[in-house]
Every structure is written in structure tokens, then in C-alpha cells.
Amino acid sequence: MKEVVISMDDTIKVDAKHYKALLKRYIESQDETSLYHAEQVSKQFIKDNVLPDEIINLHNQALIDIFPNLSLDIQNSMNFLLETMIAYGLAHQEFQTLKEEQMELKSEISVAANVQKTLLATTKPHIKGVDIGVISVPAEQMNGDYYHFVKDGQGTLKIAIADVIGKGVPAALCMSMIKYSMDSMPEPLMYPKTILENLNRVVEQNVDPNMFVTMFYGQYYPSENMLRYASAGHEPGFHYVAAQDDFKEIKSEGLVLGVLPDTAYKQYELEIAVGDMIILLTDGVTECRQGNRFIEREEVLEVIKQYAHLPAQDLVDNVYKHFERIQSFELKDDFTLIVLRKEA
């Protein structure tokens, strides 16, 4: 037991002798000064990391010295309390250790999340005749969603949006690998289906068999008003047809990345007219929950239509705020939404 003595001048130093003196004084007088010293001793115990069972043992010995004829039942009850506090002390030490480890891990994850944000950062390009809005918010510190824009020298806009089936650090690491695999490919020579086929081999060879990746990859050619794209099991997006004031689901078939090494992907074409919108998203948008109820896809489109008169960035921001509110500001999954609007 660390030595601590309590003196009348408030110098704290407690050992068995002085603790007994303090206890005896309180039993006899029950005055405020004794209680004040008890508070100071308690603070010193915490500062010196004195375990609860040590405090109980100190109190038990002092009580027996003050009352030599103390009832055997009382002594047994104090021994019971001592044994209880021994178990408590061990559990408390283990808890403190786990808490410290958790805080350290939380700090490391925070650093990793910032690194991931830097590694996966992409700039929203400015393309004449195209209004672009994008928002991506992780449900936890690490984002399992990924999106990427590239504008080449011919003015073609290349768009990727992906979702790892999984969360946390493994999903984030997988996304980083996907990003750098894409960066290493000679994209100017490749069509969307070829990009996905190459990425599929990378994922199949390097990612845990229980982890899969969905991806939509498209190339928009402003001069042709044409979107060429392919999908690897990704959440179907929507094409808002301005002339009909209606949404159509974007046709997309394809196996998720990482299942079979030689998967072939279909490529599609979609003509975009002035006022049309391409809406790309992850399942964190379409599978929002209000209480125990999953939001229907039609509800998502209604909300998008509600803000369709706004610039694309304001549109996606307001859609996110809407679904954030109905989920009580607690996202259940990563939320990523991209809108491209063809302008005159």
C-alpha cells in the first residue's frame, strides 16, 4: 500500500496509522473537517492508482483496531466486501487497459481515415454543358464507398462509383487498392467494359474471398451527348428524361468484382439530351431506413425531383440532408450520390 499521511494542515499522506486516526475522528465527531479529509484522501487514492481492495483492507484493519470486540458478523461482512473488491479491482484494471487500447486504436483509425481521404481525393471537373453534383459521406470514420472523376484531353468525362461489400479498415484498404489499380491503367485506350474486366482480375487475386466490390464505370462524351458505361453488380442508377419528366432505371448487368477471374462485362450506351440527368448512387442511398422501414426507391426519386430545379451540387446536398434527418442523423451505411445534368 502506498504511503499517504493525513495531517491537520491538509498535507495528504496516508498509511494505516493515519487512516485509522481519520476514521476514528469521524466516528466520534462526524464533523465537516473529517469529511473534507476523506474527500482529499479519495483524490489521492485515485492519483496514486490505489485499488479498491487495498482501500477496503486498510479500512477493515482500522475498524478492527478501533473496535477490538467488533462483531464477528461485521468482520465477515467486511471480508466479503474485500473479496468482492479484489474481483472488482482486477476487472477495473482490465477495463482501463482495454479503454486505453481502444483510445489508441481510435486515434490510429482517425489518422488512417485522414490518409484515406487524401489518397482517394478527386476533383470535380468543370466541363462546358455539364452541371455536376457529388456528395459522399461515410457512416463511420472509414469510407467503403468510392467515386472518381477524370477529364481527359478530348473533354471526355470518366466517372467511377464503387462500393465495397463490407465496412471499416478492410473496406478502406480495398478501395485504396482499386483507386491505384485504376490509376495504373492506360485509360485512354480502354472502354468501360475493359476497365472493369481488368479491375476484376486485380480484386479476385488480391482481395479476401469474402469481400466483393460493386462498381459503375462510365465515359461521357459531350460532343456526342453519349454515355458509355458498364456495371459490376452496382446499384442501378437513374436517367431523368427531361422531355418526359420521368425517371428510368439505367440498365446494368454484370457480376460484382472479385468473384470469377475471367468475367466479361457488357457495355451500354445512353443518349443524353438537354435537361436530362444521370443519377449514380450507392445502396446507402436507396437502403436508407426510417425506423425499421426501408425507404422505397420511388421515394428517393421523389426527393431528387423535389430539388431538381436547383444546381446539381445543391440538389445532392439537399437530398443528403433529407435522408440524414429521417435517419435521426445516424447513417446506417456510407452515402454517395452523383448527379450529372446536361445543360444547353
> Taking R0 as 56 Å, what's the FRET efficiency between Glu249 and Asp73 from their Cβ-Cβ distance, rounded to 0.05?
Replying inline: 0.10
> Are there GluC sites (Glu not before Pro) in region 198-261 that DSSP marks as loop and that have at most 15 other Cβ atoms within 10 Å, and which are they?
Replying inline: Glu224, Glu253
> So for the pair Asn292, Ile27, with labels modelled 7 Å out along Cα→Cβ, what separation do we get in nm?
Replying inline: 5.8
> Shape of region 205-273 from its Cα gyration tensor (a ≥ b ≥ c, root eigenvalues): rounded if a/c is under 1.5, otherwise prolate when a/b > b/c, or oblate?
Replying inline: prolate
> Given the Cα-Cα distance of Lys117 and Met103 and 0.36 nm per residue of separation, how much length would full extension add, in nm?
Replying inline: 2.9 nm
> In region 301-344, which GluC sites (Glu not before Pro) are in a loop and have at most 15 other Cβ atoms within 10 Å, using DSSP for the loop call?
Replying inline: Glu330, Glu343
> Mean separation of Cα pairs under 8 Å and 6+ residues apart, divided by the residue count of the chain: what relative contact order is that in percent?
Replying inline: 16
> Taking springs between alpha-carbon atoms closer than 10 angstrom, which of Leu310, Leu331, Leu58 fluctuates most in the Gaussian network model of the chain?
Replying inline: Leu58
> Stretched out fully, how many nm does the piece from Tyr180 to Lys151 gain, at 0.36 nm a residue minus the Cα gap?
Replying inline: 8.7 nm
> In percent, what relative contact order does region 4-97 have, based on Cα pairs under 8 Å that are 6 or more apart in sequence?
Replying inline: 26
> GNM, the chain, Cα, under 10 Å: largest mean-square fluctuation among Ile278, Ile86, Ile304?
Replying inline: Ile86
> From the square roots a ≥ b ≥ c of the eigenvalues of the alpha-carbon gyration tensor of region 129-342, which class results: rounded (a/c under 1.5), prolate (a/b over b/c), or oblate?
Replying inline: oblate
> List the lysines whose alpha-carbon lies under 29 Å from that of Lys106, not counting same-chain residues fewer than 8 positions away?
Replying inline: Lys43, Lys47, Lys117, Lys167, Lys179, Lys321, Lys332
>> From the phi angles alone, apply the Karplus equation (6.51, -1.76, 1.60; θ = phi - 60°) to region 252-262 and give each ³J(HN,Hα) in whole Hz, x where the residue is Gly or Pro.
In response: 7, 10, x, 6, 4, 5, x, 8, 10, x, 10
>> At a 10 Å Cβ-Cβ cut-off, how would you order Val256, Val111, Val319, fewest neighbours first?
In response: Val111, Val256, Val319
> How much net charge surrounds Phe216 when only other residues with a Cβ under 14 Å from its Cβ are counted (Lys, Arg +1; Asp, Glu -1)?
Replying inline: -1
> Where a ≥ b ≥ c are the square roots of the eigenvalues of the C-alpha gyration tensor, would you call region 4-97 rounded, which needs a/c under 1.5, or, failing that, prolate if a/b is larger than b/c, or oblate?
Replying inline: oblate
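Every number in this text was worked out from the coordinates using simple rules, so none of it is lab data. Note that the structure is predicted; figures quoted are calculated from it, not measured. Note: ideal-geometry Cβ built from the backbone for every residue, glycine included; neighbour counts use all protein chains shown.
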